[in-house]
Amino acid sequence: MGRSHGAWPVVLTAVALLAGVAAAGAGAQPGGVSCNAPPVPPPLGPPELAFLQALNDYRQGMGRPPLVPSPLLQRAAMHQAAYGEVRNATFDGDEDHFDDGRWFDLRTIDCGYDFIASRSENLSSFEVTDPSRPGDEIVVDPADEARALLDAFRSSPRHEGIQTNPRYRAVGLGRVRRPGTFKVWWVVLFGSVTDETGVRPQALRDVQLPSLDEDPCLPTDGAAACDDERLGLWSGDAATWAPRLVADEQPVTPEALLLYTLSFRADAGSEPSRAILGTLQAGQALD
């Protein structure tokens with residue numbers, strides 16, 4: 001999919017997929033812990049910072065929450081940008097979300113973003129040429145590059161839907177420029193939780209949802225009691241939660257049900273559930 005920005009051919013590809021759910025072809029993809037990025041990624045460079053600022057300004061203008069940089073998603077984005085540069089391939093199809101047969105969801109997990117969370121990925125590659133000078137002498141203002149990328153994503157409904165999705169709270173940016181050229185690979189990874197608030201499935205293995213005796217259902221304002229749907233959500237009933245989980249692109253797993261139920265109760269004012277959720281988000285072991 002191509003979009004032009006002046007003389008720049010900007011090529012895009014995108015995917016929106018939930019974390020932890022087998023995608024098409026994912027059953028055959030290899031696992032592993034390969035992540036071609038430093039354990040602690042470097043600070044964002046001027047182009048990445050310019051794009052983050054432009055994207056957040058755009059989202060906030062639409063009433064969307066700003067995105068927080070995620071070092072874990074950044075590692076996964078850096079990995080795929082480098083993978084594209086090594087192959088010298090244009091990002092122009094769904095296959096570019098794979099690396100050596102691994103779909104992007106497993107890449108994010110292998111790079112450390114293994115939370116119960118939704119994920120999406122936008123990819124772009126483009127090249128700037130100037131007949132009067134070598135590629136390594138071409139200079140593009142970071143703000144211009146960021147605007148070209150944002151405009152290209154905006155012009156594609158699929159990419160626009162991803163980058164403006166209010167569900168997302170975190171972003172990881174990867175950008176690689178091929179030596180001797182101004183050919184650039186961009187990877188923008190979105191996640192629904194930040195690195196600081198994300199909860200990993202294994203953290204929930206020994207967590208018990210407080211009983212209704214310990215943590216009774218709190219009705220909505222003005223109601224005398226919880227209706228059937230609210231009681232089902234409060235109880236962690238899979239059938240009641242399933243439509244909401246599907247809408248959030250989440251698998252209906254015991255861990256997701258428990259986390260969503262705790263969050264629902266905490267948002268409603270439940271102190272027991274709020275305490276458990278806070279401990280989980282702080283990464284502390286429960287007694």
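The values are calculated or read from the model by the stated rules, or taken from the named source; none is laboratory data. The shown structure was predicted, so the numbers you read here are calculated from the model rather than taken from an experiment. Neighbour counts are summed over all protein chains in view; Cβ atoms, including those assigned to glycine, are modelled from backbone coordinates with ideal geometry. The area values use the complete protein model at the heavy-atom level, side chains included, leaving out ligands, DNA and RNA. Shrake-Rupley method; radii C 1.70, N 1.55, O 1.52, S 1.80 Å.
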Some residue of the range 194-213 being over 30 Å from Asn36 (Cβ atoms), out of contact with any Asp or Glu (no Cβ under 9 Å at 6 or more places or on another chain), open to solvent by less than 30 Å² (accessible area, probe 1.4 Å) and without any contact (Cβ under 8 Å) to a residue 40 or more places away in the chain: no
Subset of the range 241-287 [within 20 Å of Pro166 (Cα to Cα) and of a type in the set (Ser, Thr, Tyr)]: Tyr260, Ser263
Tally of residues being touching a strand residue (DSSP E or B) at 6+ places or on another chain (Cβ under 7 Å) and over 14 Å from Gly198 (Cβ atoms) across the range 80-118: 16
All positions within the range 255-279 that are at pLDDT below 95, open to solvent by 30 Å² or more (accessible area, probe 1.4 Å) and under 22 Å from the mean Cα position of the chain (by Cα): Gly278
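Let's see how each residue does on (1) among the polar types (S, T, N, Q); (2) part of a loop (DSSP other than H, G, I, E, B); (3) more than 30 Å from Val86 (Cβ to Cβ):
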residue	(1), (2), (3)
Phe153	no, no, no
Gly174	no, no, no
Pro179	no, yes, no
Asp215	no, yes, yes
Pro219	no, yes, yes
Ala242	no, no, yes
Residue, surrounded by the most Cβ atoms within 10 Å (Cβ to Cβ), within the range 110-128, restricted to residues that are acidic (Asp, Glu) and part of a strand (DSSP E or B): Glu121
Qualifying residue in the range 102-123 (condition: of a type outside the set (A, V, I, L, M) and free of Cβ contacts under 8 Å to residues at least 24 places away in the same chain): no
